[in-house]
Structures are given as C-alpha cells and as structure tokens.
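*Asks:* Please see the structure below; I have some questions.
The values are calculated or read from the model by the stated rules, or taken from the named source; none is laboratory data. Just so it is clear, the structure is predicted and the values come from calculations on it, not from any experiment. Positions of Cβ are backbone-derived with ideal geometry, glycine not excepted, and every protein chain shown enters the neighbour counts. Please note that ligands, DNA and RNA were not included when accessible areas were found on the heavy atoms of the full protein model with its side chains. Shrake-Rupley method; radii C 1.70, N 1.55, O 1.52, S 1.80 Å.
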Amino acid sequence: MTIIESGTAAAPDARASAPEPVAPQGQETLRDQYGRRIEYLRISVTDRCNFRCVYCMPLEGMAWLPKADILSYEEITEVVRQLAPLGLRRLRITGGEPTIRPELARLVAMLRAVPGVEDIALSTNGVRLPALAELLRAAGLDRVNMSADSLRPDRIVWTARRDLNFDPIRSAQAAENAGLGPIKINVVVMRGINDDEIEDFARLTLAHPWHVRFIELMPVGDMRALTWDHVVPTDEVVARIAALGDVTETAGPARGNGPAVYYRIAGGPGSVGVISPLTHTYCASCNRVRLTADGRLRTCLFGDHEVDLRTPLRTGVPLGPSFRAALAAKPLEHELLQMRVGGLRALSQVGG
Ligand code: SAM
Ligand code: SF4
C-alpha cells in the first residue's frame, strides 16, 4: 500500500497560484476583492427534486419557490449573455434536480449559443440520464456530474427516500455512451450509512474511465437524521483507498477539476477524488459564483451573501454593476467549521 505524491498534482489551496489561462479576446478577466479569478457560474434551474436525499431535503414541508419567481430559460440566458463578456467561461446547470424541469435541452442549446461560453456541465442525481443523455449531448452539453450515495438498490431507496428504480451504473454508462465524459460520480460519505461502500465505489475506477469523488457531509440542509458523528473526514477515505493497491496522486480528469484532489489506483482507467469542504477548505482557489433559481447571485455556497439579479434583469437595468458589487463582497472563506452559520439554506435551494 503506497501513496506516491506526483509532481504534477496540486493541493487545493495551491491552485490559486497555478498559471492561469489567458482570457479570450473580447473577454475581461474578473477578480474578486482577494484577487481570485472568477470564471465559473453554477446555475440552479429549479429548487425542486424527485429525490429527498437524507442530507438535503426533508420528506415534507419544503417551501417551494413560486413559479413566477423562477427565471425563465430566456432570462437565464440573458444573465449569461451579459456576464460572459466579463469573464464567465464555464457553466454548470444544477438544482434541485435540473432534469425534472421541462425542456432542459432547450436551455442547453440557448447557453451553447452565447459567445464566450466554453464549457457547459450538468449536475444531476442521474435518474433521468438514460432518457435524456443523448438529447442533452445533441443540444450542446459537454459533461455530467452524477450523484450516487450507494450501489445497493435497497440503500439507494433509503438514502434518496424515493424508489425511482435508480441504477447508478446504468445512468453513468448512458452518459458515457452519449459522449458526456469525463463522467464524475459524487458520493456523500456518511458514517454507518454508506461508508462500507467506499471500496466498492473506488473499484468502479478500475473498470470504467469514471472519476468517483467522495464528499464530506456538510451541516447544511435537512440534517434531522444526521449529526457530526456521520461525517467521515476525507483523510480517512484516502487511507481506505490506499489499501486497494498502488495509489498515486494525479492531476485528475482534464476538465473541471475544481476543489477535488485526485488519486489513481494502478491499473484502472478512472480516478478517485476527495472533496473536503470541512477538513481542508479550498476557499483560497474558489473561482465560482452561483445563480439561484429565483435569480439571486450567491458568491459563497455557505453564509448569506446574495445579490438580486432578477429585479435589474426584469426592469432592463444592465447586470454588470450588480455583478461587480457582488464580487467585491465575496467572502475570503466559508464559516462551516466555526459553526457561525445557523439557518443555512439547503444546497438544493442555492445550486450546490
Ligand atoms: N440534484 C443534483 C444532484 O444531486 O447531483 C444537483 C443538486 S445537489 C444539491 C448537488 C450536490 O450537493 C450533490 O452531489 C449532493 O450530494 C450534494 N449535497 C447536497 N447536500 C449536501 C450535504 N449536506 N453535504 C454534502 N453534500 C451535499
Ligand atoms: Fe435532490 Fe440533489 Fe438534494 Fe438529493 S442532493 S435531494 S438529488 S437536490
């Protein structure tokens, strides 16, 4: 059992000092008040979902956004059209569960046509991928991140609290077959619930060119069924993976690495990643902002930093000044560990 630190791998906090790509002609390079380059927008298209994941949504009692408050596809595209010249180049469509919003492929095609947009990814729970992957690819989607917290049918139903016949392997394969790679599979690790599947998930990377990423459970959303005791630090996950063979730290998949640190198990085409929002914060290299389904710009996933873009959008006021003001207030780091948060919105509501 060995972990070899390769020279090319970057620790999350070190990425802030990595050489940066040059902005295409006609695009600005946007920086926040701490000099972080901002080029990545996560777009939530709905706060609703067909799952009720045990760490995300309560079974009952969610207060859904009124339909009139939710940005239309035309409005979302207009936001991107105005912000792309300021330096946004990468988009991720998320939610809630984005694939339950009708005609999602239409939005993908509209975003694809915006000059300056280089990469469009989707975050999904995967349930509808077998039905939609080809359509989304044809519309211009580049790649998919899929969530899966178990490979066992009974446990999937328990963690998602809905029985939708979800088969993670079938869904990931459908996305790969449609050309939506590199496929990333996100697993929220919960002690005593699914941590006995860490090795099973990691072994998928020996058989498939997939990138399985283990995420630390975060104290946001509906945590009634969970406590701090369910959090599994990613150092523990890495130690477990190291026992599977020769494990090398790698640069990870070519596109969209974000905050993950990647490892490769010798002999496999895929990789294993860990994302550690609690134990190794990656705020220093944060390059992203979020658009909520009701048109608010959030500059940090956690906390309460939001700027309303919907009002200027619907009244014909240019968005650039609001966007710049939001970036000027982007916090240096989140406050999850200090537990100064309280009343955090679920990730499903803010486009996690
Ligand atoms: N519905 C899509 C999905 O599940 O991939 C997209 C939205 S979901 C809010 C985005 C990601 O946030 C998922 O990978 C999910 O597992 C993760 N997530 C939600 N609540 C979380 C929590 N309390 N701790 C860690 N990850 C969480
Ligand atoms: Fe839905 Fe994604 Fe939240 Fe699960 S994590 S309830 S799939 S939004």
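*Asks:* If I filter the stretch 33-48 for residues that are touching a residue at least 60 places away in the same chain (Cβ under 8 Å), open to solvent by less than 20 Å² (accessible area, probe 1.4 Å), of a type in the set (G, A, S) and part of a loop (DSSP other than H, G, I, E, B), do I get at least one hit?
*Replies:* no
*Asks:* Tell me which of these T29 doesn't satisfy, since it passes every other one: (1) among the hydroxyl-bearing types (S, T, Y); (2) surrounded by 20 or more Cβ atoms within 10 Å (Cβ to Cβ); (3) at pLDDT below 95.
*Replies:* Every listed condition holds for T29 apart from (2).
*Asks:* I've got another one for you. For the stretch 95-109, name all the residues that are within 16 Å of ligand 2 (Cβ to nearest atom) and in contact with a helix residue (DSSP H, G or I) (Cβ under 9 Å, 6 or more places away or on another chain). Walk me through it before giving the result.
*Replies:* Taking the stretch 95-109 first, the residues within 16 Å of ligand 2 (Cβ to nearest atom) are 95-101, 104.
Answer for the stretch 95-109, where residues must be within 16 Å of ligand 2 (Cβ to nearest atom) and in contact with a helix residue (DSSP H, G or I) (Cβ under 9 Å, 6 or more places away or on another chain): G95, G96, E97, P98, T99, R101, L104.
*Asks:* How many of the residues in the stretch 91-122 are at negative phi and open to solvent by 40 Å² or more (accessible area, probe 1.4 Å)? Let's see the steps before the verdict.
*Replies:* At the first step, the residues of the stretch 91-122 found to be at negative phi are 91-95, 97-102, 104-115, 117-122.
When the remaining residues are screened for being open to solvent by 40 Å² or more (accessible area, probe 1.4 Å), the result is 100-102, 106, 109-110, 112-113, 115, 118.
Of the residues in that region, 10 qualify.
*Asks:* Is it the case that the stretch 220-227 has a residue that's open to solvent by less than 30 Å² (accessible area, probe 1.4 Å) and either farther than 18 Å from D149 by Cα or more than 16 Å from ligand 2 (Cβ to nearest atom) (or both)?
*Replies:* no
*Asks:* Now, a different point. Quick check on the stretch 167-198: of everything there that is more than 18 Å from G126 (Cβ to Cβ) and open to solvent by 40 Å² or more (accessible area, probe 1.4 Å), which residue is nearest to the chain's Cα centre (by Cα)?
*Replies:* R191
*Asks:* Mind checking which residues of the stretch 53-78 are buried (at least 23 other Cβ atoms within 10 Å of the Cβ) and part of a helix (DSSP H, G or I)?
*Replies:* The answer is I76, and nothing else.
*Asks:* Going through P321, P312 one at a time, which residue ends up being touching a helix residue (DSSP H, G or I) at 6+ places or on another chain (Cβ under 6 Å), modelled with pLDDT of 85 or more and not in a loop (DSSP other than H, G, I, E, B)?
*Replies:* On the way: P321 fails: touching a helix residue (DSSP H, G or I) at 6+ places or on another chain (Cβ under 6 Å).
The unique qualifying residue is P312.
*Asks:* Is there a residue being open to solvent by less than 10 Å² (accessible area, probe 1.4 Å), of a type in the set (K, R) and in contact with a Lys or Arg (Cβ under 9 Å, 6 or more places away or on another chain) anywhere in the stretch 209-218?
*Replies:* Step one: filter the stretch 209-218 for residues open to solvent by less than 10 Å² (accessible area, probe 1.4 Å), giving 210, 212, 214, 216-217.
Imposing the further condition that a residue be of a type in the set (K, R) reduces the set to none.
Checked against the condition, which is being open to solvent by less than 10 Å² (accessible area, probe 1.4 Å), of a type in the set (K, R) and in contact with a Lys or Arg (Cβ under 9 Å, 6 or more places away or on another chain), the stretch 209-218 yields no hits at all.
*Asks:* Then there's this: Taking T94, is it more than 27 Å from G320 (Cβ to Cβ), within 16 Å of ligand 1 (Cβ to nearest atom) and of a type in the set (V, I, T)?
*Replies:* On the way: more than 27 Å from G320 (Cβ to Cβ): no; within 16 Å of ligand 1 (Cβ to nearest atom): yes; of a type in the set (V, I, T): yes.
Against the criterion (more than 27 Å from G320 (Cβ to Cβ), within 16 Å of ligand 1 (Cβ to nearest atom) and of a type in the set (V, I, T)), T94 does not qualify.
*Asks:* Taking the stated definitions as given, is N145 within 11 Å of ligand 1 (Cβ to nearest atom), within 30 Å of L226 (Cβ to Cβ) and not hydrophobic (A, V, I, L, M, F, W, C)?
*Replies:* Values: within 11 Å of ligand 1 (Cβ to nearest atom): yes; within 30 Å of L226 (Cβ to Cβ): yes; not hydrophobic (A, V, I, L, M, F, W, C): yes.
Considered against the rule, which asks whether it is within 11 Å of ligand 1 (Cβ to nearest atom), within 30 Å of L226 (Cβ to Cβ) and not hydrophobic (A, V, I, L, M, F, W, C), N145 comes out as yes.
*Asks:* While we're on this one: Identify all residues within the stretch 85-121 that are in a helix (DSSP H, G or I) and within 20 Å of the chain's Cα centre (by Cα); write none if there are none.
*Replies:* Looking only at the stretch 85-121, we keep the residues that are in a helix (DSSP H, G or I), and these are 85-86, 98-100, 104-112.
Hits for the stretch 85-121 are P98, T99, I100, L104, A105, L107, V108, L111, R112.
*Asks:* Sticking with this structure for a sec: N125 fails exactly one of the following numbered conditions: (1) within 15 Å of A175 (Cα to Cα); (2) away from ligand 2 (no atom under 16 Å from the Cβ); (3) under 20 Å from the mean Cα position of the chain (by Cα); (4) in contact (Cβ under 8 Å) with a residue 40 or more places away in the chain. What is the number of that condition?
*Replies:* All conditions are met except number (2).
*Asks:* Moving on to the next point. For the stretch 166-193, which residues satisfy the criterion of being more than 26 Å from A131 (Cβ to Cβ) and either within 16 Å of ligand 2 (Cβ to nearest atom) or among the acidic types (D, E) (or both)? Spell out how you get there, then give the answer.
*Replies:* Within the stretch 166-193, the first condition is being more than 26 Å from A131 (Cβ to Cβ), and the residues that meet it are 189-193.
Scanning the stretch 166-193 gives V189, M190, I193.
*Asks:* Could you please let me know if I193 is β-branched (V, I, T), closer than 17 Å to E97 by Cβ and within 15 Å of ligand 1 (Cβ to nearest atom)? Can you show your working first?
*Replies:* Details: β-branched (V, I, T): yes; closer than 17 Å to E97 by Cβ: no; within 15 Å of ligand 1 (Cβ to nearest atom): yes.
Here the answer is no, as I193 does not meet what is asked.
*Asks:* Additional query: Assess whether T234 counts as being at pLDDT 95 or above and either more than 16 Å from ligand 2 (Cβ to nearest atom) or closer than 30 Å to L65 by Cα (or both).
*Replies:* Working: at pLDDT 95 or above: no; either more than 16 Å from ligand 2 (Cβ to nearest atom) or closer than 30 Å to L65 by Cα (or both): yes.
No.
*Asks:* Residue check, A139 against (1) touching a Leu at 6+ places or on another chain (Cβ under 6 Å); (2) free of Cβ contacts under 8 Å to residues at least 60 places away in the same chain, all met but one. Which one?
*Replies:* (1)
*Asks:* Is it the case that some residue within the stretch 290-306 is touching a Phe, Trp or Tyr at 6+ places or on another chain (Cβ under 7 Å) and at pLDDT 90 or above?
*Replies:* Going residue by residue through the stretch 290-306, those that are touching a Phe, Trp or Tyr at 6+ places or on another chain (Cβ under 7 Å) are 297.
Keeping just the survivors that are at pLDDT 90 or above gives 297.
Yes, the stretch 290-306 contains a residue that is touching a Phe, Trp or Tyr at 6+ places or on another chain (Cβ under 7 Å) and at pLDDT 90 or above.
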